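The values are calculated or read from the model by the stated rules, or taken from the named source; none is laboratory data. Source: prediction; values computed, not measured. Here the Cβ positions follow ideal geometry from the backbone for every residue, glycine too, while neighbour counts run over all protein chains shown. When the accessible area is computed, the model is the full protein with side chains, heavy atoms only, and any ligands, DNA or RNA have been set aside. Shrake-Rupley method; radii C 1.70, N 1.55, O 1.52, S 1.80 Å.
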Amino acid sequence: MLPRPPADRTVAEPGRPPKPALEPTELPGSGTAAPKANAGAYPPPGGVAAVPAPQPAELLDLHPAPADLERLVLDGMARQPRQLPAWLLYDAEGSRLFEAIGQQPEYSLTRQETALLRERAPELARSLAEGITPTPVLVEFGAGNLSKVGPLLEALQPAAYVALDISLDQLGPSCRALQERHPAVPVLGICCDYADLDQLPPHPLLEGRPRLGFYPGSSLGNFDPPQARALLSRFARLLGPGSRLLIGIDQPKAPERLEAAYNDAAGVSAAFAFNLLRRLNRELAGDFDPAAFTYRARWEAATSRIAMALVSCHSQTVTLAGRRWSFTAGEPLITEYSAKYTPESFQALATASGWRAIRRWCDGADDLSLHLLAQADSETSRAGGETPTQHHADPTPMRNAP
Ligand code: AVI
C-alpha cells in the first residue's frame, strides 16, 4: 500500500481575502486623539508598539495522487534508458539533501544565484514590475525552502506571494517562516507538480491581479528540451497575458567543474540519488538494493547536460509496483538531467515558447544568468526594446547581448 493518503485537494485553511496593511496597535492607556508629549522618543514611554501577528500562511495540497505517481514511475521504467521524473527526488529527506548539496563547496550555483539576487534585488524588482498595474502577485515555481525570494519580496512588495512546490513537508514550514518575516505580504503555498498544472487554483489573493513569475535555481535544466519548451509555454498560460518571468539559468562551464558539482566529495549528491530508491521501495513496494547500484554524474557535451544515474553493478531483477524489471550490468537508471544553456541557446528556447528576452543579469564570473522574459504578444514586452540587454553583477552594465 502507498503511505500517502489519496490527494483530496484539501484546502488546509479556507481562502482568505488579502489582509490589510499593518495597522498601528494601541498600547494600554495610550490615547489616539492628541499627539503624545513624547512622540518620537525611542523607546516610547509606554514601551514599543506591538506589530500585529502575521496571519498564518495558507496552504493548498494538490500533490499528485499515488495512482499518478505509480503511472509516472511505470512510464519512466519502460523508457530506454530508464528515467524517472526528477520531482520524485524531493520527498522530505530528498529536500533536506538538496539543501545540503547547496552547501557543498563544489556546487556553487545556489550561492552565486542567491548573491546575485541579493545584490540586484531593487533593479530586478523595478524591471520586473515596470508598467504593471495594479500591484502584481509574485508566483514562484519550484520554490523549495523559499531561501531566494526574500530580497525580491522586500524590493517588490507584491500584493501576495504564491509558492509552488512538490514537497509539502518543506513548503508548509517554509511558508509559515516566510510569512513571519514578511507580515505585510500574504503568503500562499501550493503543493503541486507545477509542470502538470493547467491553471492556478482560483483564490481571492490571485483575483484581478497581474502575475509575475519567478523560477530561480536553473530547475528548467532538469527537463528535456521539448519538456522545457512546454514548461515555459505552460508558465505563460499560468501567469496570463502581459506577465513577466524572472528565471535563473546555469551556463556551460568546464566539464571537470560540472562533474564535481554533481558528484561532491562528501557524497551528498550520491545520497540524494540513492534516496530515490528508498522512496520507490517505500511508496511503490519496491525491493531495490542500493548496494547493487553505483552513482554516476557525467557531462554530455552533445546535449550540453549533466546526466545523473544509478548504474546497475551487475545483472539483476527488481520488483516495483507489482512488476519485475531486469537490469543488465552497467545499465543506468537516469535520476536527473541538468542541462546548461548559454544565454543565446536559452533565449532561443524562450522565444520558441512564446516569451521575449528583455534583459539578462549575470554573476561576476558569468557562470549563470537571471533572464527577464516578457510574453511575446503583449504590449509590455514591446516596451523592452528589440535587443535584450545584459548586466553583470559588476555595476558596469554590458550592453546588447546577441
Ligand atoms: C534543482 N536543480 C536545478 C538541481 C540541478 O542543479 O540540476 C538539482 C540537483 N541535483 C543534484 N544536484 C543538484
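Computed quantities for the displayed model
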{"quantity": "2 or more residues in contact with a Pro (Cβ under 9 Å, 6 or more places away or on another chain) and at pLDDT 95 or above: qualifying strands (runs of 3 or more DSSP E) within the range 311-380", "calculated": "332-339, 355-362, 368-375"}
{"quantity": "Matching residues, the range 219-240, being assigned to a helix (DSSP H, G or I) and hydrophobic (A, V, I, L, M, F, W, C)", "calculated": "Leu220, Ala228, Ala230, Leu231, Leu232, Phe235, Ala236, Leu238, Leu239"}
{"quantity": "Given (1) within 14 Å of the ligand (Cβ to nearest atom); (2) closer than 27 Å to Leu372 by Cα; (3) among the aliphatic types (A, V, I, L, M); (4) in contact with a Phe, Trp or Tyr (Cβ under 8 Å, 6 or more places away or on another chain), index of the condition Leu116 fails", "calculated": "(1)"}
{"quantity": "When residues of the range 290-308 are limited to those that are assigned to a helix (DSSP H, G or I), open to solvent by 30 Å² or more (accessible area, probe 1.4 Å) and of a type in the set (A, V, I, L, M, F, W, C), the one farthest from the ligand (Cβ to nearest atom)", "calculated": "Ala291"}
{"quantity": "Selection from the range 206-238 of residues that are away from the ligand (no atom under 13 Å from the Cβ) and either among the aromatic types (Phe, Trp, Tyr) or in contact with a Cys (Cβ under 7 Å, 6 or more places away or on another chain) (or both)", "calculated": "Phe214, Phe235"}
{"quantity": "Selected residue (only one of Pro122, Pro183, Pro158 is out of contact with any strand residue (DSSP E or B) (no Cβ under 8 Å at 6 or more places or on another chain) and either crowded, with 22+ Cβ neighbours inside 10 Å or not in a helix (DSSP H, G or I) (or both))", "calculated": "Pro183"}
{"quantity": "Test: residue in the range 249-265 that is of a type in the set (D, E, K, R), crowded, with 22+ Cβ neighbours inside 10 Å and more than 20 Å from Ala159 (Cα to Cα)", "calculated": "yes"}
{"quantity": "Candidates Leu206, Leu188, filtered to the one that is open to solvent by less than 20 Å² (accessible area, probe 1.4 Å) and farther than 21 Å from Gln375 by Cα", "calculated": "Leu188"}
{"quantity": "Count of the range 97-112 residues which are surrounded by fewer than 18 Cβ atoms within 10 Å (Cβ to Cβ) and closer than 16 Å to Leu146 by Cα", "calculated": "4"}
{"quantity": "Flag for Asp287 being without any contact (Cβ under 8 Å) to a residue 60 or more places away in the chain, in a loop (DSSP other than H, G, I, E, B) and among the acidic types (Asp, Glu)", "calculated": "yes"}
{"quantity": "Where a residue in the range 85-102 is under 15 Å from Cys192 (Cα atoms) and its partner, wherever it lies, is near the ligand (Cβ under 10 Å from one of its atoms), with Cβ under 6 Å and at least six apart", "calculated": "Ala86/Asn222; Ala86/Glu336"}
{"quantity": "Residue match in the range 241-254 (condition: more than 16 Å from Gly102 (Cβ to Cβ), without any contact (Cβ under 8 Å) to a residue 60 or more places away in the chain and in a helix (DSSP H, G or I))", "calculated": "no"}
{"quantity": "Failed condition for Pro226, given (1) open to solvent by 30 Å² or more (accessible area, probe 1.4 Å); (2) under 25 Å from Pro66 (Cβ atoms)", "calculated": "(2)"}
{"quantity": "Filter pass, Phe141 being within 14 Å of the chain's Cα centre (by Cα) and open to solvent by 30 Å² or more (accessible area, probe 1.4 Å)", "calculated": "no"}
{"quantity": "Residues of the range 147-198 satisfying the condition of being out of contact with any Asp or Glu (no Cβ under 9 Å at 6 or more places or on another chain) and either small (Gly, Ala, Ser) or under 18 Å from Leu88 (Cα atoms) (or both)", "calculated": "Gly150, Ala159, Ala160, Gly172, Ala177, Ala184, Ala195, Leu197"}
{"quantity": "From the options Leu152, Leu138, Leu168, residue that is modelled with pLDDT under 95 and more than 15 Å from the ligand (Cβ to nearest atom)", "calculated": "Leu168"}
